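Input: a single structure, listed below in structure tokens.
The values are calculated or read from the model by the stated rules, or taken from the named source; none is laboratory data. The shown structure was predicted, so the numbers you read here are calculated from the model rather than taken from an experiment. Backbone-built Cβ (ideal geometry, glycine too); neighbour counts: all protein chains shown.
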Amino acid sequence: VPHGIEVKVVNENGILLPRGSPGEIYIRGAARCLGYHRHPESSIFTSTDWIKTGDIGVITESKRLCMFGHKRDMIKRATSKIFPAEIEKILTQHPD
């Protein structure tokens, strides 16, 4: 994470998650965009200047940010959340 940028991981309700828990990545910092051109109603900005990236990830116990994929690419199956990249990784390990 670049110097001057704050990162947090939150649940579906925007509540901060503890380290090691996956959720949506929010970022903020002094240098940020003010909005989308011709889309001022965009919902990626929070009232406290955080930007909702739409990426899913986790902050590890050692304070590293690990990204799993983008929220819109996630496959929801019953109570599981699966990213296509996880499936691709397993398939590429197959000997055939």
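Of everything in region 18-34 that is touching a residue at least 24 places away in the same chain (Cβ under 8 Å) and surrounded by 14 or more Cβ atoms within 10 Å (Cβ to Cβ), the residue that is farthest from MET74 (Cα to Cα) is GLY29.
Within region 35-81, restricting attention to residues that are among the small types (Gly, Ala, Ser) and part of a strand (DSSP E or B), which residue is modelled with the highest pLDDT?
Step one: of region 35-81, the residues among the small types (Gly, Ala, Ser) are 35, 42-43, 47, 54, 57, 62, 69, 78, 80.
Next, only the ones that are part of a strand (DSSP E or B) stay: 54, 57, 69, 80.
Details: GLY54: 87, GLY57: 90, GLY69: 79, SER80: 77.
Selected residue: GLY57.
Only residues that are charged (D, E, K, R), surrounded by fewer than 10 Cβ atoms within 10 Å (Cβ to Cβ) and free of Cβ contacts under 8 Å to residues at least 40 places away in the same chain: list them for region 57-87, please. Result: ARG72, LYS76, ARG77.
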